[in-house]
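Peer 1: The structure follows.
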């Protein structure tokens, strides 16, 4: 799934010259990065008396605890790729590049740009062939008013089209929409779905306890 930020960034590049209001918002953003542009848009709306709320209290059922969601279990290779890719995905997300990496054999074969998660997954499959896994995480400081990372049936379909073997996403941070449909679809294509914690954070908590 592509986020709101991706859509805003694509629109900024594809559309013609902005009107006066659009120019003012872009000037306030200072860059064509999705986070900066949405922050500027929220700032403008708030000057108009429109308050932008955090949506997460209304979406509690959309966040998963750690664990495997499918009858299809992730292989040892998938778990290794997920542990390898998690920190990389976090760094890319924090740099406002993208929140998804596609990994195979402990090598990053694709990263998400403004095309969005689904197309990044398909590109990874085209480049590396069957057996890739996709990993989606949140930023270290994720403002859900700006961009709420999410996966769903469309993400699974992209993996199926590319011959992917697993989708891993950050537990409690990445929303999972239409979960039952996505899980059934994943099992039908023998794709494992795994909600996972940050391996570094989990390791730190174990040491402290």
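Peer 1: Taking region 88-119 as the region of interest, how many residues are assigned to a loop (DSSP other than H, G, I, E, B) and either over 12 Å from residue 133 (Cα atoms) or in contact with a strand residue (DSSP E or B) (Cβ under 6 Å, 6 or more places away or on another chain) (or both)? Spell out the reasoning first.
Peer 2: At the first step, the residues of region 88-119 found to be assigned to a loop (DSSP other than H, G, I, E, B) are 95-99, 105-106, 112-116.
Now drop any that are not either over 12 Å from residue 133 (Cα atoms) or in contact with a strand residue (DSSP E or B) (Cβ under 6 Å, 6 or more places away or on another chain) (or both), which leaves 95-99, 112-116.
The total comes to 10.
Peer 1: If I filter region 57-80 down to residues being part of a loop (DSSP other than H, G, I, E, B) and over 21 Å from the mean Cα position of the chain (by Cα), which single residue comes out as nearest to residue 160 (Cα to Cα)?
Peer 2: The residue in question is 72.
Results for (1) modelled with pLDDT of 90 or more; (2) in contact with a strand residue (DSSP E or B) (Cβ under 8 Å, 6 or more places away or on another chain); (3) farther than 15 Å from residue 169 by Cβ, shown as yes or no for each residue.
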residue	(1), (2), (3)
7	no, no, yes
14	no, no, yes
18	no, no, yes
34	no, no, yes
66	yes, yes, no
71	yes, no, yes
86	yes, yes, no
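Peer 1: Pick from 135, 167: which is in contact (Cβ under 8 Å) with a residue 40 or more places away in the chain, crowded, with 22+ Cβ neighbours inside 10 Å and in a strand (DSSP E or B)? Full working, then the answer.
Peer 2: Working: 167 fails: in contact (Cβ under 8 Å) with a residue 40 or more places away in the chain.
None of the other options fit; the residue is 135.
Peer 1: Identify the single condition in (1) crowded, with 21+ Cβ neighbours inside 10 Å; (2) over 13 Å from the mean Cα position of the chain (by Cα); (3) without any contact (Cβ under 8 Å) to a residue 60 or more places away in the chain that residue 127 does not satisfy, given that it satisfies every other one.
Peer 2: Every condition holds for residue 127 apart from (1).
Peer 1: Which residues, taken from region 38-56, are within 19 Å of the chain's Cα centre (by Cα) and either surrounded by 13 or more Cβ atoms within 10 Å (Cβ to Cβ) or outside any loop (DSSP other than H, G, I, E, B) (or both)?
Peer 2: Of everything in region 38-56, those that are within 19 Å of the chain's Cα centre (by Cα) and either surrounded by 13 or more Cβ atoms within 10 Å (Cβ to Cβ) or outside any loop (DSSP other than H, G, I, E, B) (or both) turn out to be 38, 39, 56.
The values are calculated or read from the model by the stated rules, or taken from the named source; none is laboratory data. Source: prediction; values computed, not measured. Please note: Cβ atoms are built from the backbone with ideal geometry, for glycine as well, and neighbour counts cover all protein chains shown.
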